Amino acid sequence: MKPAISVENISKAYRIGMAEQNESFGATIKNTLRNPLKVLRKFNENYETGDDVFWALRDVSFDVERGEVVGLIGRNGAGKSTLLKVLSRIVEPTGGQAVMRGRVSSLLEVGTGFHPELTGRENIFLNGAILGMKQSEIRRKFDQIVEFSEVGQFLDTQVKRYSSGMYVRLAFSVAAHLDPEIMIVDEVLAVGDQAFQQKCLGKMNDVMRQGRTILFVSHSMDAVASLCTTVVHVKKGTVSAKVPVEQGIRAYLDEAAAGDDLPLKDKPRTQKDKGRRPIFHDMTISTDAGESVMIPVGARVKFDVLMKDFSDIPGNLTLGIGVSNSRGQRVALFHTEYHKGMTFRGADEMTITCDIPSLPLAPASYTVDLVLADGYNIIERIERAATIEVVFSDILGTGKVPNGKQSTVVLPCVFSN
């Protein structure tokens, strides 16, 4: 039997500073009027030449067997999302081909296929049609979609008023109820809350038990370990052979640790506008005892984050500081809007301080991620912006605390008999 997915020598090149090759007719006309010589040069030059050519994928080949759950893991910017867009027929490859044998359901970005001016109800029918569902099928599954999404109260509200979490719940619910033979899921589940993430993983497990094929991108190694049967490690536009899950996770974690010694302004990052100057420049971590990445259990911690050169970014911005364990599982998030109701505008230079009265994590190594966003879009994200070591402190007064394998957090309680 032929594989469910056959990827043969897929390559994808972008010319830096130019629009995607399959841009709309209107956008092509606009760009031509603005800079006719540049556009003419774009069509006359070979993609394989020029200093401004960026290869997001280069000669990628692998097969996914029917019923297999394959995790695509790698650093931000490695090419994972580009590969999924090629497989979902959203982006045309520069070279090579991909063959999908079966009905495909893709969930790649928050609100993909949604029209912001339409209500949730209307978008269920619109998105379902885009994914290949017949009107009768959508009507038959409508109540299940709404119940799973948990947005029934807002069903007749325009989705432009939805939070990013509501977008994800509705989009995933529509895609999951397509009953696909092949399901392609990107990192969008990271936007939802923990309970809904577990619900989505449960749904994908249901799909897997039905013998369907899943291609899954995630930075959560726990999710990859619990869901996937094999792993493909994506690195700088190329891929490894399919390997056992634990072997792939070790390779990913080794790669992720490689840039830990770089100054923050030089660390790899994902940006909405590729090629712009770094925004995150520096971060100082301190306790009451002074600047240090050695943090006693339950100690007060301050993060001072320096950002520069982002006065050109419009809208209200938010800063998120995520803390993850050694498996890449998010264990804490500190967010300007969630914790203080605070948004801010772009500036030439700005320092934001996050003051945590007590960080009750169990002794272990943790990494710190930084995310600048404008609500729906991530403007800049750095994984492993810093590494902190939470060390023993007699916070419970017994001379002992749980270690990182026994518990993620150290919380007080009272026992009696």
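From the list GLY74, GLY152, the one residue that fits, being surrounded by 23 or more Cβ atoms within 10 Å (Cβ to Cβ) and in contact with a helix residue (DSSP H, G or I) (Cβ under 6 Å, 6 or more places away or on another chain), is GLY74.
Scanning segment 33-63 for residues that are modelled with pLDDT of 85 or more, more than 22 Å from the chain's Cα centre (by Cα) and either hydrophobic (A, V, I, L, M, F, W, C) or under 20 Å from GLU246 (Cα atoms) (or both) gives PHE62, ASP63.
Considering segment 288-337, the residues that are over 25 Å from ALA256 (Cβ atoms), of a type in the set (Gly, Ala, Ser) and touching a Gly at 6+ places or on another chain (Cβ under 9 Å) include one that is modelled with the highest pLDDT, namely SER311.
Looking across LYS265, LYS203, LYS272, LYS242, one residue alone is out of contact with any Lys or Arg (no Cβ under 6 Å at 6 or more places or on another chain), under 27 Å from VAL293 (Cβ atoms) and either in contact (Cβ under 8 Å) with a residue 40 or more places away in the chain or not hydrophobic (A, V, I, L, M, F, W, C) (or both). It is LYS265. Scan segment 237-268 residue by residue and report those that are within 27 Å of LEU215 (Cα to Cα), at pLDDT 90 or above and not small (Gly, Ala, Ser). Hits for segment 237-268 are THR238, VAL239, LYS242, VAL243, PRO244. Strands (runs of 3 or more DSSP E) fully within segment 322-417 that include at least 1 residues being exposed (fewer than 14 other Cβ atoms within 10 Å of the Cβ): 349-356, 364-373, 378-391.
The set of residues from segment 86-133 being within 13 Å of VAL7 (Cβ to Cβ) and either modelled with pLDDT under 85 or not in a loop (DSSP other than H, G, I, E, B) (or both) comprises VAL86, LEU87, GLY95, GLY96, GLN97, ALA98, VAL99, MET100.
Among (1) crowded, with 21+ Cβ neighbours inside 10 Å; (2) within 27 Å of ILE388 (Cβ to Cβ); (3) of a type in the set (A, V, I, L, M, F, W, C); (4) out of contact with any Leu (no Cβ under 6 Å at 6 or more places or on another chain), there is one condition ALA257 misses while meeting the rest; what is its number? Result: ALA257 passes all but (1).
What are the pairs, 6+ residues apart or on separate chains, where a residue within segment 296-310 that is among the basic types (Lys, Arg) has its Cβ under 9 Å from a residue that is buried (at least 21 other Cβ atoms within 10 Å of the Cβ)? Between residues of segment 296-310 that are among the basic types (Lys, Arg) and residues that are buried (at least 21 other Cβ atoms within 10 Å of the Cβ), the close pairs are ARG300/LEU359; LYS308/ILE279; LYS308/PHE280.
The values are calculated or read from the model by the stated rules, or taken from the named source; none is laboratory data. Since we're looking at a predicted model, the values are computed, not measured. Positions of Cβ are generated from backbone atoms using ideal geometry, with glycine treated the same way; all protein chains shown enter the neighbour counts.
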